[in-house]
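Single-structure report; data block below.
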Amino acid sequence: MRDGFIKVAAATPEITVANPAANRQAIMKCVEEAAQQQVQLLVLPELCITGYTCGDLFLQQLLLEQAKKELLTIAKESAAWEMLVVVGLPFCHNGKLYNCAAFLYEGKVLGLVPKTNLPTYSEFYEGRHFTPGEENMGEVFLDGYSVPMGRNLLFENRELPEMVLACEICEDLWVPAPPGVEHALAGATILVNPSASVETTTKEAYRRNLVALQSARLLCGYVYADCGEGESTTDVVYSAHNMICENGSVLKEAERFCNQMIVSELDVYKLQAERRRMTTFVSGKSASYRRIFFTMKKKETELTRTFPRTPFIPGNKTERELRCDEILKLQSMGLKKRLAHTNCQSAVIGISGGLDSTLALLVTVRAFDMLGLNREQITCITMPCYGTTDRTYHNACELVKRLGATLLEVNITAAVEQHFKDIGHDPSVQDVTYENCQARERTQILMDVANQNNGMVIGTGDMSELALGWATYNGDHMSMYAVNASVPKTLVRHLVRYYADTCNSPELNQVLLDILDTPVSPELLPPSEGQISQKTEDIVGPYELHDFFLYYILRFGFPPKKLFRIACDAFEGEYDKQVIYKWMRTFYWRFFAQQFKRSCIPDGPKVGSVAVSPRGDLRMPSDASVGIWMKEMDELEC
């Protein structure tokens, strides 16, 4: 439970229809297996104490009495472990029969939640046996104590108030207005669903989408436990399609027809952070809800869920290609609109032979093609100076040639040396002045050539550089439209690679592949034996780490301790803890210290859920203190 992680499980026991005693034994096997994996919340299928497919046997008093007896036994036997168990059974109350989910903890039944929507169509006939549940059905007495019953019950952990559970039962999820909507608006962060979903062809994908989308729109965790083998197959088959979802993501999914247990961790801190961020997630009235409190001590939760090293990039190849194509379209459409709005027929780009300027040029070419403009009206300026290598110079020239744009070369060495004389700077002192004079000279040339051509300077800097402040103020920091402003460095590489793979030009493909193979560098210091001597990642740290930090800090507001924990997990075997710690401190320091640069960045299209535009996504003061974040960093053990 540390850092808001709750270990949850969905399991399908091998039940025997209409035999509660045998089913209690099967259920306890699941409980024991879950306990071995340190599970804190276990969800079991609908009516699993009796079996869902009992039919008219639900009207037999003996079966109902046995189900209640076995429920109390399960509650007592599961008390040995600090685990909340949700199990389904038929339950009589005031002369009516209800399809219920019982919440069990510390030897007792905490509450009974009845099913609201009873399907009576096609193969379903629940309305023949059961009565729809109501919001507040009062109290029932079990084993000498009072148990609340009703569909509007919330189960809240006193030690971790962000852990609030509510229940939907099977069909409740499939109706136009699922009760889970009200549950979430009343404060539930985790919805459980004991289900008995009939398996038919094509239903698997629909069910998966339904569960995932419910967790997305309600910004919640969702634990779905389905009936499986063991149920009667008189007319239908059940597949045990268990799922654990979080805010639209499927964290774990069972292989169908296997009656297996799946385990993962839900992050309730992350869910609450999402709800704080989404101001349209307006809490509803919860006066009609009853809160049942339980105490579950905070303890270390071993993580089994994974955190991708590159959160901005899909792991699946097909999905990655679709994402790259979409982002290129977004960038190009943004620039197309700006060019059309300003009636601009010309663009100017500083081309270096590096990844960022390459992507900016590729996007500009696409925008010009959309507008029917001649690519020759794109002026690409290469401006060699002290750090330029033959490799990057050659690639820059070849790239422009292969794309059909106009190449202009302006060697800035003499201009920079004159500037050194003007300000009294010794060229042998290769400090920040030495470097930034080159960057600002290049920007001056870009702006002036744009004026000559009645054109627009297209910015090349990416979001990772903006986050770190790795840009020269009023140098490469500035442009008239920044097409890469919300594209992180790790994604830039994939976008260029996607373009190379789909360009249908062997010559262009060859140039792009060599650019991809070139170390990232601003090339502001003289090369060493003809090779790039100034490698950005040697100075500010690996971009894959910084993009990882950037994503989880801005997207979910993770604090340093939690961020360090998941970073160590994600990059195990790649970077040791000391290295991660070092660059994480660097990220926090630079991110806070360099906000003044982000406060005045040019316009640029947003392409993902994380961006640093001061006009929308990052309303951060330039003078904010990094103190409390660094203090927590100081407390880390590495």
Hey, quick one: spin label on LYS577, modelled 7 Å out along Cα-Cβ, who in segment 535-567 has an amide N within reach, i.e. under 17 Å?
-> 560-567
Cross-link reach list, lysines versus LYS76, counting only Cα pairs under 21 Å and skipping chain neighbours closer than eight places = LYS29, LYS68, LYS108, LYS297
Spacing of the two label points (7 Å from each Cα toward its C-beta) at GLN61 and VAL250, in nm = 4.7 nm
Label-zone membership for segment 49-87, site TRP174, 7 angstrom Cα→C-beta point, backbone N under 19 Å = 51-56
Value at 222 nm in deg cm²/dmol, rounded to 500, when DSSP H runs of n ≥ 4 in the chain each add -39,500 (n - 2.57) | -12000 deg cm²/dmol
Given the C-alpha centroids of segment 188-251 and segment 431-451, what is the distance between them in whole angstrom?
-> 58 Å
So what's the gap between the Cα centers of segment 319-335 and segment 126-142, to the nearest angstrom?
-> 52 Å
Restricting to segment 1-114, compute how many DSSP beta bridges are antiparallel as a %, nearest 5.
-> 70 percent
Remind me, relative contact order of segment 10-138 in percent, using alpha carbon pairs under 8 angstrom and six or more residues apart?
-> 21 percent
Given a 1.4 Å probe, how much area per residue of the chain is accessible, in Å²?
-> 42 Å²
Along the dipole axis of segment 286-415 (charges at Cβ: +1 for Lys and Arg, -1 for Asp and Glu; origin at the Cα centre), the most positive-end residue among THR392, ALA405, MET296 is MET296
Among THR379, LEU339, LEU362 - extreme Cα towards positive end, dipole of segment 311-410, charges at beta-carbon = LEU339
Nearby lysines by direct alpha-carbon distance to LYS597 (threshold 21 angstrom, same-chain neighbours under 8 apart not counted) = LYS489, LYS606
Measure off, as a whole percent, the carbon and sulfur share of the 1.4 Å-probe accessible area of the chain, all protein chains present.
-> 48 percent
Full-extension gain in nm, ARG158 to ASP369, via 0.36 nm per residue minus C-alpha separation | 70.0 nm
Pop the C-beta distance of PHE281 and LYS203 into the FRET formula with R0 = 30 Å and round what comes out to the nearest 0.05.
-> 0.50
Note the full-extension length gain between CYS258 and MET447 as 0.36 nm times their separation in residues minus their Cα-Cα distance, in nm to one decimal.
-> 61.5 nm
For the chain, what proportion of DSSP beta bridges, expressed in % and rounded to the nearest 5, is antiparallel?
-> 50 percent
Listed highest first by mean packing, meaning other Cβ atoms within 10 Å per residue, what order do 264-277, 138-151, 102-115 come in?
-> 102-115, 264-277, 138-151
Taking the highest mean first, how do the peptides 396-403, 619-626 order by number of other beta carbon atoms within 10 angstrom per residue?
-> 396-403, 619-626
Length gained, ASP501-THR318, 0.36 nm per residue minus C-alpha separation, equals 64.6 nm
Given R₀ = 25 Å, FRET efficiency for ARG402-GLN377 by Cβ-Cβ distance, to 0.05?
-> 0.90
Length-normalised contact order of segment 496-597, Cα under 8 Å, at least 6 apart, in percent, tallies to 17 percent
How about segment 573-638: which GluC sites (Glu not before Pro) there are in a DSSP loop, with at most 10 other Cβ atoms within 10 Å of their Cβ?
-> GLU635, GLU637
With an 8 Å cut-off on Cα pairs and a minimum separation of 6 or more residues, tell me the relative contact order of the chain in percent.
-> 11 percent
Mind giving me the FRET efficiency for ASN509 and GLN36? R0 is 60 Å, r the Cβ-Cβ distance, nearest 0.05 is fine.
-> 0.70
Report the residues of segment 323-348 in range of a label on ASN454: point 7 Å along Cα→C-beta, backbone N strictly under 16 Å from it.
-> 339-348
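The values are calculated or read from the model by the stated rules, or taken from the named source; none is laboratory data. As the structure is a computational prediction, the values presented were derived from the model and not from experiment. Ideal geometry is used to build each Cβ from the backbone, glycine not excepted, and the neighbour counts take in all protein chains shown. When the accessible area is computed, the model is the full protein with side chains, heavy atoms only, and any ligands, DNA or RNA have been set aside. Shrake-Rupley method; radii C 1.70, N 1.55, O 1.52, S 1.80 Å.
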